[in-house]
Amino acid sequence: MYMKTEILFPPYVIPLLRDACGPEWRKLVDRVAALEETHPDSLAFSLMMIRLDGCLACETDSFRAMRGCAACALQTVRRYRNNEQELLRLYQAALKDVQDYLARRPGTAAELVPALPHKVRRKSDPIALAR
């Protein structure tokens, strides 16, 4: 009955968003999807999507959550009212926030972001489009 729902935007959804916008968006998605989940660029993409999707206000029993994170994220990007350049600007703002955060903390992003072994996506792993 319920879709697989995460609490916050999951990185495995990134490749599914490739064709949701224009050519610059596709380049960004292709680049970020090839990175480790703990790479600052991947973290920034997730942060941008968390902000856009409203993940922090999502309730697990809401219609949006029941549809699943992939459907929610895809709908959000497709329905975004501003242009593609604004989406890219939001990504750059999120990247700056991630870089600022990491600059204030010792260690690397991989050490700061707990990853479960079954959810870690390596560059060499095939990207699962649906889990």
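What are the residues in segment 27-60 that are buried (at least 20 other Cβ atoms within 10 Å of the Cβ), free of Cβ contacts under 8 Å to residues at least 40 places away in the same chain and under 14 Å from Ala93 (Cβ atoms), if any?
Ser46
Please specify each residue of segment 63-79 satisfying the condition of being buried (at least 17 other Cβ atoms within 10 Å of the Cβ) and modelled with pLDDT under 80.
Arg64, Ala65, Gly68
Considering Thr60, Thr38, which residue is closer than 14 Å to Ile7 by Cα and assigned to a loop (DSSP other than H, G, I, E, B)?
It is Thr60.
Would you tally the residues in segment 39-62 being modelled with pLDDT of 90 or more and not acidic (Asp, Glu)?
12
The values are calculated or read from the model by the stated rules, or taken from the named source; none is laboratory data. Just so it is clear, the structure is predicted and the values come from calculations on it, not from any experiment. Cβ sites come from the backbone with ideal geometry, for glycine too, and all protein chains shown count toward neighbours.
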